[in-house]
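Down below is the structure, laid out as structure tokens.
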Amino acid sequence: MKNFDKNTWYHTNIELYSPQLQNSFIRSNCDKETQEFLDNCHIKADSILTQILHTFATAFLAFFMAKTSINGLLGRGSMFVFSHEQLEKLLDVSSSWKGENLLDLGAGDGKVTEIMASYFRHTSVTEASSVMSRVLANKGYQILGIDDWYEIGVTYDVISCLNLLDRCDQPLQMLNRMISKVKPVTGRIIVAVVIPFSPYVEFGENGTQPVEWLDVRGDTFEEQVESFRSNVFSPVGLELVHWTKVPYLCEGNLQRTFYWLTDVVFVLKVNPHKPISNSNACSIVTSKEDACSSVVINIP
């Protein structure tokens, strides 16, 4: 793993994209902060006794708890999406910039939240897991309800939705609610999505399948990224500012030092000239059967 060519994590064929995606792309790399996360994964993986204890504890707790809650209880499985430097480039801000309000939806154990929160005076989060919510509260973040966060009379400089659209019941509703709560003109929405797009709901009404299916088309990374812009974001009135390709990293276990998925991070703003309405239904299908045959959907 140490000899793995990390440049492949960040490579994409930029010539295959539309001019809008070509002009807004920011090329990332395995910077110092990313490498520090990986080095820490190696240190944890080398602690054989701890890994064995975690393996047995996970097997036992799986009878009573979801995987997300188990990770929160054991303090394992932390994620890494982007570094401070990468976030600054995506938001077009300096290291000394300070915004007022950040909302991180589905914040998990808060490790990624910590990177974003350093740029804001106040940070609010949501999290479906009660165990993870306690972890987040202990870090000093304001915990908002997953069913009513959009009803609070606050607007946000940045709302982040990192690797959540493929894990929630109603992703289109989630997008529209973010649009209603982000500050007009200056506000930004950060959406990270694993490609290939593969919805799987841990806390849902319909088992592991979402109620809403986003119309994400294509077989390749490039095709699905293009589809998110044209079929998902544009119909609900979201305009692309910047985007990048990064690995979605996770601490490993006895089998592997770390795990990764291919992530795309979009920074979006609300198009003030386009009405926002749920009637923009071209970005949603209500069932897997209704989806176009070119949509790549894999239910684990």
Out of curiosity, is S96 open to solvent by 20 Å² or more (accessible area, probe 1.4 Å), hydroxyl-bearing (S, T, Y), assigned to a loop (DSSP other than H, G, I, E, B) and within 20 Å of F82 (Cβ to Cβ)?
-> yes
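What number of residues within the range 74-89 are within 16 Å of I159 (Cα to Cα) and surrounded by fewer than 20 Cβ atoms within 10 Å (Cβ to Cβ)? Show your work before the answer.
At the first step, the residues of the range 74-89 found to be within 16 Å of I159 (Cα to Cα) are 81-82, 87-88.
Restricting the remaining residues to those that are surrounded by fewer than 20 Cβ atoms within 10 Å (Cβ to Cβ) gives 88.
Here the count works out to 1.
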State all residues of the range 216-247 that are of a type in the set (F, W, Y) and either closer than 26 Å to N7 by Cα or surrounded by fewer than 18 Cβ atoms within 10 Å (Cβ to Cβ) (or both); if no residue qualifies, say none.
-> F221, F228, W243
Mind counting the residues in the range 117-131 that are open to solvent by 10 Å² or more (accessible area, probe 1.4 Å), farther than 14 Å from L102 by Cα and touching a residue at least 24 places away in the same chain (Cβ under 8 Å)?
-> 3
Y200 is checked against (1) open to solvent by less than 10 Å² (accessible area, probe 1.4 Å); (2) assigned to a loop (DSSP other than H, G, I, E, B); (3) among the aromatic types (F, W, Y) and fails just one. What number does that condition carry?
-> (1)
Residue tally, condition in contact (Cβ under 8 Å) with a residue 60 or more places away in the chain and either open to solvent by 60 Å² or more (accessible area, probe 1.4 Å) or not in a loop (DSSP other than H, G, I, E, B) (or both), over the range 135-164 = 3
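Of all residues being assigned to a loop (DSSP other than H, G, I, E, B), surrounded by 14 or more Cβ atoms within 10 Å (Cβ to Cβ) and aliphatic (A, V, I, L, M) in the range 248-295, which is modelled with the lowest pLDDT? Just the residue, please.
A291
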Please list, ordered by first then second residue, the pairs with beta carbon atoms under 9 Å, 6 or more apart or interchain, first in the range 179-190 and in contact (Cβ under 8 Å) with a residue 60 or more places away in the chain, second loosely packed, with under 12 Cβ neighbours inside 10 Å.
-> P184/P272; V185/P272
Within the range 15-40, track down each residue that is of a type in the set (A, V, I, L, M), open to solvent by less than 70 Å² (accessible area, probe 1.4 Å) and more than 23 Å from L249 (Cβ to Cβ).
-> L21
Is it the case that the range 174-197 has a residue that's among the β-branched types (V, I, T), assigned to a helix (DSSP H, G or I), farther than 21 Å from Q86 by Cα and out of contact with any helix residue (DSSP H, G or I) (no Cβ under 6 Å at 6 or more places or on another chain)?
-> yes
Go through (1) over 18 Å from the mean Cα position of the chain (by Cα); (2) among the small types (G, A, S); (3) not in a helix (DSSP H, G or I) one by one and return the number of the condition S124 breaks.
-> (1)
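The values are calculated or read from the model by the stated rules, or taken from the named source; none is laboratory data. Being a predicted model, the structure only gives us computed values, none of them experimental. Backbone-built Cβ (ideal geometry, glycine too); neighbour counts: all protein chains shown. Heavy atoms of the whole protein, side chains included, go into the accessibility calculation; ligands, DNA and RNA do not. Shrake-Rupley method; radii C 1.70, N 1.55, O 1.52, S 1.80 Å.
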